[in-house]
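Undergrad: Here you go, one structure.
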Amino acid sequence: MEAAPEGGPDRHPGGEPSEDAGLPWWMPSERSTLAGLVITVALIMAAALWEYFTTLALIACASWLVAAVGLPRSSMPERLMGMGWGRLTLLLLLVALLLRWMLLFQNSPGVTLGGAEELAMRGDLLVEGKVPYEDFPVRKPPMYLFLGGGIASLFGKSVLGVRLVLGFFDALVVLVLAQVGSERFSPRAGVSAGLLYALFPVGVFSVGLAGHYDGVVVLCVLAGLLLHGRGRWWEAMALLGLGFAFKLYPVVLVPWLIWREEGWRRRVGGAVTFLVPMALSWVPILLWNPAALSQYASWQSTWFPVKSISYGIMQLAGWARDSDPAIIAGQAVTVAFLLLLVVMFLDWVRRRERDPDGHARDWFRVVAVSYFVLYAMIIAGSVVEYELAPEGVSPRAMGAVIAAVCLALGAVPLWYLLRRFMEPWPSLGEGERLYLVMGLSVMLLLLSSTQNNPWYLVWMVSLVLLVQEDRIRTAILALSIWNVEDSGITLWPSRNLSGGPPT
């Protein structure tokens, strides 16, 4: 990793070390930060060698948050940098690999079936010559199939093979993230971001345990941002486009980059370059199956609400997941948040010259309020689905009461967050503001989803870890990291909550 010069234009005072005695009240001490790191690693090891359950994952998230708040200001990054960049890079890679590959020991069907099983199955079908999108359902773009086919050609129809390969790619994210932080801000920023991503429990569990491939997409995005920071515009857009060919979310990042470019030739050319990998990936599929694109669109439209704002509405209303009202409600929530995304970008275009920090502050507020609504709806929906109501009380009535209570109780901390903790809003450097607004745009995209799945968090956490202002980074992480990998809700070993009849 290349070191950024001290006092560079994007270096923020939040990245400087400070003594424990001078820390803000909410900032963990050196000892608490180290304890957070140790507990996080211990809990990941417990999930790998003993048993994974929801409460353990939530405690791991809490301990990781303590570490994430304190690490950038602690002395640990500088001590690690004393190893030299070569050894430090190797250490970060080994930590990330060991934590993800250690989870290969955990092979409980309740938590490992899902992403890895689907990718292994579809990759194997592709290798066998089955027609994609026709002989088997696929909700993902073609690069997903090519990834699965490549893994199947090496390991066959192997869930462990999928988790092994995806764990490796996700570990590479750590190195690229550290490089971006080092070049754009400071070596301290890069080391902190890389180490925290290596230990992020939701990412470790989602990739190493359940075998979701989002780390591959994040790797493409961060590599594109790395090249963008070096002024290599066309290569950056091609790499972001490669991520788009794997999964659709990078498209929400592109407008922020394109609009910063001077001249329509570079803007239009960048947009075309971004789309080329997706277009090329469809060519062999369409030659094989001319109806693949329409079949892909059809499979995309079959999603239904799970653990999202739409999920809470569906459960409280008593609609079946695949019913027309539930689907319409999910589509309405999706459209509302996608419109917010458009408004956010247009507002940035209007205010980017005269009030860019005000723009970031206002849209942070929108995201914060939306996350409080999200959690209230998920909790209320779970009360209904798992029938967590006293005997004789309707679960739907109980869920409505819980939703009202959650929103009422959340009003005070939300007010404190927006009116006291986050004021005065700081003046941010251009690079730091770029990662912040892109992170907020990803969060709005996640809020729009009818399936607010935990593995999607790696999309925005990688960007948020590059934000150097302590309060902003802390607040966003505290708001967003609590969606953990689960199979139903397992409170502790062998104690599952089970819902009533499917709804």
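The values are calculated or read from the model by the stated rules, or taken from the named source; none is laboratory data. Everything numeric here is computed off the predicted structure, so don't read it as measured data. A quick note on method: Cβ atoms are made from the backbone with ideal geometry, for glycine too, and the neighbour counts reach across all protein chains shown. Surface accessibility is based on the protein's heavy atoms, side chains included, excluding ligands, DNA and RNA. Shrake-Rupley method; radii C 1.70, N 1.55, O 1.52, S 1.80 Å.
Undergrad: Looking for whichever is in a helix (DSSP H, G or I), of a type in the set (A, V, I, L, M, F, W, C), over 23 Å from the mean Cα position of the chain (by Cα) and more than 30 Å from L286 (Cβ to Cβ) here; the options are L103, L56, L94, L90. Which one fits?
TA: Only one candidate passes the filter, namely L90.
Undergrad: Can you say whether A271 is buried (at least 22 other Cβ atoms within 10 Å of the Cβ) and not acidic (D, E), as far as the supplied structure shows?
TA: no
Undergrad: Report whether or not V384 is farther than 30 Å from E432 by Cα and either part of a helix (DSSP H, G or I) or open to solvent by 40 Å² or more (accessible area, probe 1.4 Å) (or both).
TA: In short, yes.
Undergrad: May I pose another question? Mind checking whether some residue in the stretch 115-128 is free of Cβ contacts under 8 Å to residues at least 40 places away in the same chain, open to solvent by 10 Å² or more (accessible area, probe 1.4 Å) and closer than 15 Å to D214 by Cα?
TA: Yes.
Undergrad: Exactly one condition in (1) under 23 Å from the mean Cα position of the chain (by Cα); (2) within 23 Å of L248 (Cα to Cα) is false for L126; which is it?
TA: Looking at each condition in turn, L126 falls short on (1).
Yes or no, residue by residue, for (1) open to solvent by 40 Å² or more (accessible area, probe 1.4 Å); (2) of a type outside the set (S, T, Y):
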{"site": "Y371", "(1), (2)": "no, no"}
{"site": "E391", "(1), (2)": "yes, yes"}
{"site": "R419", "(1), (2)": "yes, yes"}
{"site": "G439", "(1), (2)": "no, yes"}
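Undergrad: Could you tell me whether the stretch 420-442 includes any residue that is without any contact (Cβ under 8 Å) to a residue 12 or more places away in the chain and within 22 Å of Y311 (Cβ to Cβ)?
TA: No, there is no match, as no residue in the stretch 420-442 is without any contact (Cβ under 8 Å) to a residue 12 or more places away in the chain and within 22 Å of Y311 (Cβ to Cβ).
Undergrad: Looking at (1) open to solvent by 10 Å² or more (accessible area, probe 1.4 Å); (2) over 25 Å from W256 (Cβ atoms); (3) of a type outside the set (D, E), can you tell me which one A376 breaks?
TA: Going through (1) open to solvent by 10 Å² or more (accessible area, probe 1.4 Å); (2) over 25 Å from W256 (Cβ atoms); (3) of a type outside the set (D, E) one by one, A376 breaks only (1).
Undergrad: Right, next: Let me confirm something: among G167, G150, G161, which residue is open to solvent by 10 Å² or more (accessible area, probe 1.4 Å) and in a helix (DSSP H, G or I)? Let's see the steps before the verdict.
TA: Values: G167 fails: open to solvent by 10 Å² or more (accessible area, probe 1.4 Å); G161 fails: open to solvent by 10 Å² or more (accessible area, probe 1.4 Å).
The unique qualifying residue is G150.
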